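Inspection log for the structure reproduced underneath, given as structure tokens.
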Amino acid sequence: MKKRMVMMGECMVEMYQLVENVYHQSFAGDVFNTAVYLKRSCEQPVDVQFFTAVGTDLISDKLVRAVEREKLDTQLMLRAKGARPGLYMINTDAYGERSFVYWRETSAARQVMQCFASQSSVEQLLGADMFYFSGISLAILSDADRRALFDLIHQLKAHGSQVVFDPNYRPALWSSQDACRAAFTEAYQLADIAMPGLDDHKVLFEHSTVAEVQAFLQQLDVAEIIVKDGKNGVVGTYLDEGFAAPAHQVKKVVDTTAAGDSFNGGYLAARLAGVAPEDAVKYAARLAAFVVEHTGAIVNKEHFQRFWSR
Ligand code: ADP
């Protein structure tokens, strides 16, 4: 039977500088990026549903069309009346250093749980094989909406959905580290698969090694743990069996945006296809290495063809 994946997150308008005062506009966001690379990696038919709220304006319509163009299912892209998507700008200084500026305080995605309560129901999500969310999905919700999300995930889990969580810690989105630690701990307790970056845990939980992160997550009963450590590669455990995948050598790192997101998409696609974790990480590392050789979060479809011909 066709597998179904529900991926919850925020997709924003992305503007990156081409030359001074000239920007390229596209759409990106951690969970959206993962959904795109997951879908592109699936050889078998799989329904990848993007679960979010967008507004009712022109740019929201464009965003929905961009999601459709990636062959993702848009039924769970709910509409928040009068709202609009968040936006971020990537600027590059004279030395090639990039910096990000965000306008997302009032983005439509923050209303996703309220839209869900009025426009959808848990029945629409039941039966999904996997539910994927990130720490950014948690950070942008109010306390009450975060509670509603955890309740929803409990119900999906009780009905057999596998739960996948990537913390993607963004300090600026949290009122305090304590609030963030509490939310992430609760998310991990629900997760069957956890995909953190070592850096997130260094800052937030004061873990200094991959082994410490693994021990912490094993205590929380996470069965499948993939710890990402940038160019040092990943280390994983599945039901206490360990494995690793070094990062692939690349000729030139152009832009590391979405390295972790594409890794997650590739890994989950392989797992959905029945590939064992120790082989799934190898495929994912190859995909992430390809992505860091290109500018922006989403490698355009024409360039992406080259990944398959390698
Ligand atoms: P996150 O953004 O989630 O912290 P990482 O930066 O750890 O993710 O990167 C995820 C994966 O992407 C790494 O495990 C590796 O496979 C690949 N990757 C990241 N940076 C590089 C790099 N400079 N060269 C090759 N592969 C990379």
> Within the set of pairs 6+ apart or on separate chains, which have a first residue in the range 207-233 that is surrounded by fewer than 22 Cβ atoms within 10 Å (Cβ to Cβ), a second that is of a type in the set (Asp, Glu), and C-beta atoms under 6 Å apart?
Replying inline: 223/192
>> With the structure loaded, tell me whether residue 73 is surrounded by 14 or more Cβ atoms within 10 Å (Cβ to Cβ), at pLDDT 95 or above and more than 22 Å from residue 191 (Cβ to Cβ) or whether it fails that test.
In response: yes
>> Could you go through the range 49-62 and let me know if any residue there is more than 20 Å from the chain's Cα centre (by Cα) and among the aliphatic types (A, V, I, L, M).
In response: yes
>> Cβ-Cβ distance below 7 Å, separation of 6 or more or different chains: which pairs start in the range 103-121 with a residue that is part of a helix (DSSP H, G or I) and end on one that is among the polar types (S, T, N, Q)?
In response: 108/60; 109/52; 112/52
>> Being under 18 Å from residue 260 (Cβ atoms) and among the basic types (Lys, Arg) narrows it down to one residue among 170, 181; which is it?
In response: 170
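Can you name every residue in the range 246-273 that is under 15 Å from the mean Cα position of the chain (by Cα) and within 10 Å of the ligand (Cβ to nearest atom)?
Result: 256, 257, 258, 259, 260, 261, 262, 263, 264, 266, 267.
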>> If I ask for residues that are β-branched (Val, Ile, Thr) and either away from the ligand (no atom under 11 Å from the Cβ) or at positive phi (or both), which ones from the range 274-293 would you list?
In response: 275
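Among the residues in the range 244-267, are any acidic (Asp, Glu) and at pLDDT 95 or above?
So in the range 244-267, the residues acidic (Asp, Glu) come out as 255, 261.
Next, only the ones that are at pLDDT 95 or above stay: 261.
Yes, because at least one residue in the range 244-267 is acidic (Asp, Glu) and at pLDDT 95 or above.
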>> Filter the range 39-70 down to the residues that are under 15 Å from residue 298 (Cα atoms), polar (S, T, N, Q) and surrounded by fewer than 21 Cβ atoms within 10 Å (Cβ to Cβ) and list them by number.
In response: none
> When both residues are 6+ apart or on different chains and their Cβ atoms are under 8 Å apart, which pairs have a first residue that lies in the range 243-259 and is under 18 Å from residue 28 (Cβ atoms), and a second that is near the ligand (Cβ under 7 Å from one of its atoms) and not in a strand (DSSP E or B)?
Replying inline: 254/292; 255/292; 256/230; 256/292; 259/230; 259/288; 259/292
> Of all residues in the range 1-51, which are part of a loop (DSSP other than H, G, I, E, B), in contact (Cβ under 8 Å) with a residue 40 or more places away in the chain and more than 16 Å from residue 78 (Cα to Cα)?
Replying inline: 2, 29, 42, 43, 44, 45
> Can you name every residue in the range 221-239 that is farther than 15 Å from residue 200 by Cβ and of a type in the set (A, V, I, L, M)?
Replying inline: 223, 239
> Can you list the strands (runs of 3 or more DSSP E) found entirely within the range 123-237 that contain at least 1 residues being within 15 Å of the ligand (Cβ to nearest atom) and among the acidic types (Asp, Glu)?
Replying inline: 162-166
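The values are calculated or read from the model by the stated rules, or taken from the named source; none is laboratory data. Predicted, not measured: the structure shown is a model, and the values here were computed from it. As a convention, Cβ positions derive from the backbone with ideal geometry for all residues, glycine included, and neighbour counts pool all protein chains shown.
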